[in-house]
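Asks: Got a structure here, written out as structure tokens. Questions coming.
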Amino acid sequence: MDEARELVERGGNRELLDSLRRPQAYAVLTLLLREAARRLPSWEHALRRELCEVAIGREFWAVAPAGAVADPSDPPPEQRAANAAELHRWAVGPVLAGGDGPVGTVAELLVRLRTSPVPSARETFWLIVEGERPGLPEAVWRTLLKDAYGLPRAPRRTGPPSAGDATTALPDDDGSGYTRRFLRRAGLLIGGLVVAIVLLVAVRAWFG
């Protein structure tokens, strides 16, 4: 696992972004996004915007790919939604707020998530729009909220959270548009010998 992480860290920005565009096991995706978050403060605007576009194009990875084989690293729906919303927070929201993001595309994506039959998609929508204004113009944001009320939200668990849930909110990193909450949640997903082996083989194939 450490070797896989080192391989990703040695890869260039172009390799990293290209890998995010391809279908990945969730453990691999997590590793790639953690690396993107680590590099983000040093990236110029063009790279930040490209990452934003990749995240939007992959719909924040809020839903497991249709027809994909079972992925042992897949998180539970509420964790996938939390990770997707946090990705929006640090990779998409700041670009939108800066006035250089595809506002219409994001609004359309949020509508699709809201009306999706998949619980993790609907929960992603609510986590994004009920938090801080997600970088969208106020009129767009208010319209999304107005249209959303009355639709079912993903069911909430009533029992205590599992050990893998992200329940502790950490402060934002100084001088950046992302939070360490995503990094902590993401780190919890990479564990176990089987996942580590799959991860190492996959990363060697892409970066070797």
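Asks: Starting from the Cα-Cα distance between Arg10 and Lys146, subtract it from 0.36 nm times their residue separation and give me the gain in nm to one decimal.
Replies: 44.4 nm
Asks: Right, another one. Rounded to whole Hz and in sequence order, give me ³J(HN,Hα) for segment 33-38 from the Karplus expression 6.51 cos²θ - 1.76 cosθ + 1.60, θ = phi - 60°, writing x for Gly and Pro.
Replies: Those phi angles translate into 5, 4, 5, 4, 5, 5 Hz.
Asks: Rounded, prolate or oblate: which fits segment 1-100, taking a ≥ b ≥ c as square roots of the Cα gyration tensor eigenvalues, rounded meaning a/c under 1.5, else prolate when a/b beats b/c?
Replies: oblate
Asks: So for the pair Arg112, Asp74, with labels modelled 7 Å out along Cα→Cβ, what separation do we get in nm?
Replies: Modelled inter-label distance: 1.9 nm.
Asks: Once phi is turned into ³J(HN,Hα) by the Karplus curve 6.51 cos²θ - 1.76 cosθ + 1.60 with θ = phi - 60°, what whole-Hz value does each residue of segment 137-149 show in order, with x for glycine and proline?
Replies: Along segment 137-149, the couplings run x, 4, 5, 5, 4, 5, 5, 4, 5, 4, 6, 7, 5 Hz.
Asks: Additional query: Charges only on Cβ, +1 for Lys and Arg, -1 for Asp and Glu: so what's the dipole of segment 1-143 about the Cα centre, in debye to the nearest 20?
Replies: Charge dipole, segment 1-143, about its Cα centre: 260 debye, nearest 20.
Asks: Let me ask something else about it. Hey, any idea what % of segment 1-114's accessible area is carbon plus sulfur with a 1.4 Å probe?
Replies: Summing carbon and sulfur atoms, their accessible area is 52 percent of the total for segment 1-114.
Asks: Quick one: if the Förster radius is 22 Å, what FRET efficiency do Glu130 and Glu44 give, using the C-beta to C-beta distance and rounding to 0.05?
Replies: 0.10
Asks: How far apart, in nanometres, would the label points at Asp18 and Ala139 be if each is projected 7 angstrom from Cα along the Cα-to-Cβ direction?
Replies: Placing both labels 7 Å along Cα→Cβ, they lie 4.2 nm apart.
The values are calculated or read from the model by the stated rules, or taken from the named source; none is laboratory data. Keep in mind that this is a model prediction, so the values were computed, not measured. Glycine also receives a Cβ, built like all others from the backbone with ideal geometry; neighbour counts cover every protein chain displayed. Each accessible area value is taken on the protein alone, full model and side chains, heavy atoms only, with ligands, DNA and RNA left out. Shrake-Rupley method; radii C 1.70, N 1.55, O 1.52, S 1.80 Å.
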